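This report refers to the structure that appears directly beneath it.
The values are calculated or read from the model by the stated rules, or taken from the named source; none is laboratory data. Bear in mind that the values here come from a model prediction, so they are computed numbers and not experimental data. Note that each Cβ is placed from the backbone with ideal geometry, even for glycine, and that neighbours are counted across all protein chains shown.
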Amino acid sequence: MKESLNTNEYKNWLYDLKLKIKQSQIKASLSVNSELIMLYWDLGKQIIEKQEKSRWGSGFIDQLSKDLKTEFPEMSGFSRSNLFAMRKFYLFCNQIDIIVHQLDGQIENETKIVHQADGQIHYPEFLTLCCKIPWQHNILIIEKIKNITEAFFYINETIANSWSRSILEYQIETNLYNRQGKAITNFKNTLPTIESDLANALLKDPYNFEFLTLSSEVKELELEQKLVQHITQFLLELGKGFAYMGRQFQIIVGGKEFRTDLLFYHTKLKCHVIIEFKVKEFEPEFLGKLNFYLTAINELVKSADDKPTIGILLCKNKNDVIVDFSLKDINKPMGVSQFTYRELPAEIKNALPSLEELTQQFNID
C-alpha cells in the first residue's frame with residue numbers, strides 16, 4: 001500500500017530541502033552556475049534515494065514540483081520536467097567504475113573514476129567540469145550522449161570554445177566526437193611533438209559541409225565560392241583558431257602566377273594553413289601540387305616568427321592505405337580528409353535547365 005505524501009517523513013524532508021535551497025541562495029545566487037549545478041545534482045541524488053527508500057507513489061515528483069514552486073516562486077528550475085532532468089543528471093554522472101587502488105597488497109584508497117583513452121579522470125573532476133557549463137548544456141548532453149567518455153569530450157570542447165547551446169547541438173548532431181583528430185597526416189614526422197599533437201587534434205575526417213546543397217558534379221571553384229559565402233558555418237566546422245586570409249590566394253613563382261584554393265592563419269599553431277579541394281577520389285599526385293604551395297607560402301608569405309605552413313587536402317573520397325602510403329616520404333606537414341555535403345535532390349536537379357538551355361534562352365530573349 002502506498003504511503004501518503006502527508007506523512008511526517010515527507011514533510012520533514014521537504015522542510016530540510018527548503019532550508020538547503022535557502023542556504024544555497026544566501027551563499028551565492030542560484031544564477032552562479034556552479035552553485036546551481038551542484039544544487040541540481042544533489043536534488044537529483046535525493047530524489048533517487050527517496051524513490052528507492054520511500055513509498056510515496058508516482059505522484060511524488062509532481063507534488064515536489066508544486067511545493068518547491070510555491071516556496072520559491074521567483075525560480076524557474078523546479079518544473080516537473082526539470083526535476084526529472086536532475087534525476088537523470090545524477091544517474092548519468094554516476095555511470096562510472098569503482099577502482100580499488102592497491103599498494104603492496106594493501107588497499108590504498110577507493111576512487112570513482114571515468115575511463116579515458118589517454119588516462120583516467122577522477123569522478124569529482126567530471127562533476128566540476130559539468131559545473132562550468134550552463135544547465136541547459138548539461139541537459140542537452142545527457143539527452144543526446146549515452147557514454148560518459150563522449151560527454152566528457154563535449155563538455156571540454158564547450159568550455160574551450162565557449163559554445164552556445166545551439167553550437168553544441170550542431171557539433172553533437174554532426175558527430176564531432178568521432179570525427180575530431182581522425183584525418184590521416186604526417187604531422188608526427190614533420191612537426192615537433194607538441195605542435196603535432198595540437199595539429200592532429202584540430203583536423204577532422206570527414207569535414208561536414210551539410211550547410212551546403214550542391215550537385216554531385218560540383219566543381220572545385222563552385223565549392224570554394226559556396227564555402228566562402230557561408231564563411232561563418234565553414235569556420236565553425238574548421239574549429240577555433242582559423243583566421244580566413246583569402247580565396248584563390250595569389251603566389252608569383254618564376255614570373256608565373258599560381259593560386260591556392262583557400263588560405264588561413266591559425267592563431268594557436270602560429271602558422272599559415274592551406275586548404276585545397278578535390279571533388280573526386282584522392283590521387284597521390286594531388287600532394288605534389290600542395291607541396292609546391294607549401295614551399296611558396298613558406299618562402300614568400302611566412303614571416304620569421306611563423307611556424308611551418310600546414311597543408312590540408314579535402315577530397316570527395318579517399319583510400320586510407322593509399323593516402324598513408326603517399327604521405328610517408330613527404331617532409332612538409334600535410335593532412336588528408338574527406339568532406340561531405342548535401343546533394344541536390346534528383347527531382348530538383350532534373351527540373352533545372354542546363355547551361356546550354358540557359359544560353360539558348362538568353363540569346364532568344
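A few comments on the model shown:
- Against the criterion of being assigned by TED's automatic domain parsing to the domain that holds Thr267, crowded, with 17+ Cβ neighbours inside 10 Å, charged (D, E, K, R) and modelled with pLDDT of 95 or more, Lys318 qualifies.
- Residues of region 9-23 satisfying the condition of being acidic (Asp, Glu) and either within 14 Å of Lys66 (Cβ to Cβ) or in contact (Cβ under 8 Å) with a residue 24 or more places away in the chain (or both): Glu9
- Enumeration of residues in region 270-279 that are among the aliphatic types (A, V, I, L, M) and surrounded by fewer than 21 Cβ atoms within 10 Å (Cβ to Cβ): Val279
- Members of region 267-289 found to be touching a residue at least 60 places away in the same chain (Cβ under 8 Å) and in a strand (DSSP E or B), listed by number: Phe277, Val279
- Answer residue from region 132-152, given it is farther than 19 Å from Ser81 by Cβ and surrounded by fewer than 18 Cβ atoms within 10 Å (Cβ to Cβ) and is modelled with the highest pLDDT among those: Glu150
- All of Ser29, Ser58 fail the test of being of a type outside the set (D, E, K, R), assigned by TED's automatic domain parsing to the domain that holds Glu74, modelled with pLDDT under 80 and within 21 Å of Ser81 (Cα to Cα), apart from Ser58.
- Considering residues of region 158-171 that are buried (at least 19 other Cβ atoms within 10 Å of the Cβ) and touching a Leu at 6+ places or on another chain (Cβ under 9 Å) only, the residue nearest to Asn33 (Cα to Cα): Thr158
- One residue alone among Leu203, Leu236 is under 14 Å from Leu314 (Cβ atoms) and surrounded by 13 or more Cβ atoms within 10 Å (Cβ to Cβ), and that residue is Leu203.
- Condition met for Lys112 (assigned to a loop (DSSP other than H, G, I, E, B) and either at pLDDT below 50 or under 18 Å from the mean Cα position of the chain (by Cα) (or both)): no
- Cβ pairs under 7 Å, 6+ apart, first in region 212-241 and in a helix (DSSP H, G or I), second surrounded by fewer than 16 Cβ atoms within 10 Å (Cβ to Cβ) and hydrophobic (A, V, I, L, M, F, W, C): Leu236/Ile167
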